[in-house]
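Read the structure below first, then the notes.
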Amino acid sequence: MNNTVKTAEKQVADIVTAAVKKAQEKGLLPEAELAQFKVEIPADRKNGDYSTNAAMAHARVFRIPPMKIAQTIIDEAELDGTYFGKVETVSGFINFTLSQSFYADVLKCVEALGKDYGHSDMFAGKRALVEFVSANPTGPMHVGNARGGAMGDCLAEVLTWAGYKTEREFYINDGGNQIEKFGLSLDIRYRQHFGEDIEMPEDSYHGQDIIDHADKFAEIYGDKYMHTTDEERKKALVDYALPINIAGLERDLLKYKIKYDTWFKESTLHNSGAAKKVVEILTEKGYTYEKDGAVWFRAEQFGCDKDFVLVRSNGFLTYIVPDIAYHYNKLCIRNFDLAVDILGADHHGYVPRLKAALTALGIDPERLKVVLMQMVRLVKDGEVIKASKRSGKAITLVTLLDEVPIDAARFIFNMREANSHCDFDLDLAVEQSAQNPVYYCQYAHARICSIFRKLNEKGVTFDGCTKEQAEMLTTDEEKELIRFIASLTGEVENAAKQLDPSKLTRYAVELATLFHKFYNACRCDVDDKDLACARLFLCRCTQTVLSNVLGLLKVDAPESM
């Protein structure tokens, strides 16, 4: 992918390196091996658009003051054919100022790449698996899942843009204690349906969905299962209700614009023997021992604070064993280069245990990245709420999406880094004003569309502009907007490396801000037709980039509002 920012950065390094070698050949600098130096974009661009510490880096090598080295490099620097029109030194730093050619090429690159602008090949050839939400299938999803869903789905798209071949996966916890509790809860409600006087245990599932499942099951099968064993009855109830719940999860997540490549069942790890197999492998490697009739993993040997149990004295596997087997499957059987889990912050102590086991199994633990997500608080009228005003019950993903636009939910949940607490303002999410970040970005896109719509109504067709015309964009507002457009690919790469999709929501807001700033300062309907054409071209390119970023976030880019 064409990346003008990286091209410019490389040109700085090449200009400096060539200038030093040229000065050495002339005897202006001593013969010595070139030192490593940095090329950076300074926070304050008043002295230049790119800066390098090359003079200071070579001061020790050449035994010459940095200012003298800097001036020598500047004297020998060749800028022809590069993106730079000026080079000077300030306090030993060498600063390069971009020429208009750079700004024009950025926009021509956007025009050429269109929907692909912003993509990178940084991780080309690698495969990534993002597992997120993975809510227990025993009940509806809550607002925490709403945040995890938006974050995981956008992160998967970010990784795709950065070059990974990315897949999305939902891990169905259809084994373990929660399914036992699910079966028991259904069993009691079924028996109550037929008049049996039995109370629900306090720690069972008390939701209306359990009652509805039991009643529907009774409607289909009558009292047939009142005459079977408890185990047979519970199994029949779970076999009936669980697929309905899973289908409901899939339906609700599709409404949220999330489509998974794979729905992976925990039960397959038990049924195939894969869960027991990882215990056998760890034992064969000498990383387990028996104590009090249980099988323990030597976790301390791999940096954990204490060893932990894999197999209880009654022969049952602990909850972490299928999780180990699941990640072994991801990284060793299916051979993903990168596995990313989006988990709640309460899994903080779980991650080192899982990584220790993977290390013992011979898997590089750095191939597993875990994003720990902080809690969500819903706010309405300035107060934290815990229940839906309409239903009086805890707000689920479905009730949330009934109350706020899907685009607003996805965007706002991605405004903060995962490790930050999220206050989701229900009033702000439905507000049609600049205070609502997704509305603000969508309005910017619609505003640009209206510019071209009005031109078409006048019978004017815009067909782009030449590079020479694009080089006429010289105001501070124009150049600031173009530089920001140029930074998109770098933002995508940083978001992928840091597993932080919030960088792209913030990018969209800043892009909209810079566009409004430019549009308010620079009229497009000027008498100079070439300049008018260039400014319309900048509008069109901004529209493309904003549409691309909103598309990455799976947020609509409306043409009118």
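Key figures for this structure:
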{"read-out": "Pairs where the first residue, in region 53-69, is free of Cβ contacts under 8 Å to residues at least 24 places away in the same chain and the second is open to solvent by less than 30 Å² (accessible area, probe 1.4 Å), C-beta under 6 Å, 6+ apart", "value": "A57/A35"}
{"read-out": "Single unsatisfied condition, N335 versus (1) part of a loop (DSSP other than H, G, I, E, B); (2) in contact with a helix residue (DSSP H, G or I) (Cβ under 9 Å, 6 or more places away or on another chain); (3) open to solvent by 50 Å² or more (accessible area, probe 1.4 Å); (4) not β-branched (V, I, T)", "value": "(2)"}
{"read-out": "Filter result (in contact with an Asp or Glu (Cβ under 9 Å, 6 or more places away or on another chain) and among the β-branched types (V, I, T)) within region 333-369", "value": "V340, I342, V351"}
{"read-out": "Long-range neighbours under 6 Å by Cβ, at least six apart or interchain, first residue closer than 14 Å to E559 by Cα within region 444-469, second aliphatic (A, V, I, L, M)", "value": "A444/A512; H445/L546; H445/A557; A446/M561"}
{"read-out": "Conditions (1) over 30 Å from C465 (Cα atoms); (2) in contact with a helix residue (DSSP H, G or I) (Cβ under 7 Å, 6 or more places away or on another chain); number of the one not met by A156", "value": "(2)"}
{"read-out": "Residue among D341, D337, D346 that is among the charged types (D, E, K, R), touching a strand residue (DSSP E or B) at 6+ places or on another chain (Cβ under 9 Å) and without any contact (Cβ under 8 Å) to a residue 12 or more places away in the chain", "value": "D346"}
{"read-out": "Answer from V384, V351, V379 - the residue that is within 18 Å of E131 (Cα to Cα) and out of contact with any His (no Cβ under 6 Å at 6 or more places or on another chain)", "value": "V351"}
{"read-out": "Qualifying residues in region 123-148 (those that are surrounded by 17 or more Cβ atoms within 10 Å (Cβ to Cβ), of a type in the set (A, V, I, L, M) and part of a loop (DSSP other than H, G, I, E, B)) - the one nearest to the chain's Cα centre (by Cα)", "value": "V133"}
{"read-out": "Failed condition for E111, given (1) more than 28 Å from L488 (Cβ to Cβ); (2) assigned to a helix (DSSP H, G or I); (3) open to solvent by 20 Å² or more (accessible area, probe 1.4 Å)", "value": "(1)"}
{"read-out": "Any hit, region 216-230, residues being touching a Gly at 6+ places or on another chain (Cβ under 8 Å) and on the phi < 0 side of the Ramachandran plot", "value": "no"}
{"read-out": "Boolean, L481 is over 23 Å from P42 (Cα atoms) and open to solvent by less than 30 Å² (accessible area, probe 1.4 Å)", "value": "no"}
{"read-out": "Residue that is open to solvent by 50 Å² or more (accessible area, probe 1.4 Å) and at pLDDT below 95, where the choices are K454, K369", "value": "K454"}
{"read-out": "Verdict on N436 being over 23 Å from D252 (Cα atoms), open to solvent by 50 Å² or more (accessible area, probe 1.4 Å) and modelled with pLDDT of 90 or more", "value": "no"}
{"read-out": "Qualifying strands (runs of 3 or more DSSP E) (wholly inside region 1-102; at least 1 residues being open to solvent by less than 40 Å² (accessible area, probe 1.4 Å), of a type in the set (V, I, T) and closer than 30 Å to A534 by Cα)", "value": "84-90, 93-98"}
{"read-out": "Which numbered condition E417 misses (of (1) open to solvent by less than 30 Å² (accessible area, probe 1.4 Å); (2) within 28 Å of Y507 (Cβ to Cβ))", "value": "(1)"}
{"read-out": "Of all residues making up region 1-33, the number that are of a type outside the set (A, V, I, L, M, F, W, C) and more than 40 Å from the chain's Cα centre (by Cα)", "value": "9"}
{"read-out": "Scope region 166-198; condition in contact (Cβ under 8 Å) with a residue 12 or more places away in the chain and out of contact with any helix residue (DSSP H, G or I) (no Cβ under 9 Å at 6 or more places or on another chain); matching residues", "value": "N177, Q178, K181"}
{"read-out": "Selection within region 455-509 - assigned to a helix (DSSP H, G or I) and of a type in the set (G, A, S)", "value": "A470, A486, G490, A495, A496, S502, A508"}
{"read-out": "Region 302-321, subset in contact (Cβ under 8 Å) with a residue 40 or more places away in the chain and part of a helix (DSSP H, G or I), residue farthest from V130 (Cα to Cα)", "value": "F302"}
{"read-out": "Residues of region 468-483 satisfying the condition of being more than 12 Å from V110 (Cβ to Cβ) and of a type in the set (A, V, I, L, M, F, W, C)", "value": "M472, L473"}
{"read-out": "Residues within region 512-535 that are over 32 Å from the mean Cα position of the chain (by Cα) and not in a loop (DSSP other than H, G, I, E, B), tallied", "value": "9"}
{"read-out": "Exclusive hit being under 30 Å from E300 (Cα atoms), without any contact (Cβ under 8 Å) to a residue 60 or more places away in the chain and touching a helix residue (DSSP H, G or I) at 6+ places or on another chain (Cβ under 9 Å), set A418, A356, A429", "value": "A356"}
{"read-out": "Among the residues listed as I324, I342, the single one being in a helix (DSSP H, G or I) and surrounded by 13 or more Cβ atoms within 10 Å (Cβ to Cβ)", "value": "I324"}
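Residue by residue, here is whether (1) of a type outside the set (A, V, I, L, M); (2) modelled with pLDDT of 95 or more holds:
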site: P501; (1), (2): yes, yes
site: Y507; (1), (2): yes, yes
site: F518; (1), (2): yes, yes
site: K529; (1), (2): yes, no
site: L546; (1), (2): no, yes
site: L552; (1), (2): no, yes
site: V555; (1), (2): no, yes
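The values are calculated or read from the model by the stated rules, or taken from the named source; none is laboratory data. Values in this document were obtained by computation on a predicted structure and should not be read as measured data. Ideal geometry is used to build each Cβ from the backbone, glycine not excepted, and the neighbour counts take in all protein chains shown. Note: accessible area is taken over every heavy atom of the protein model, side chains too, but ligands, DNA and RNA are not part of it. Shrake-Rupley method; radii C 1.70, N 1.55, O 1.52, S 1.80 Å.
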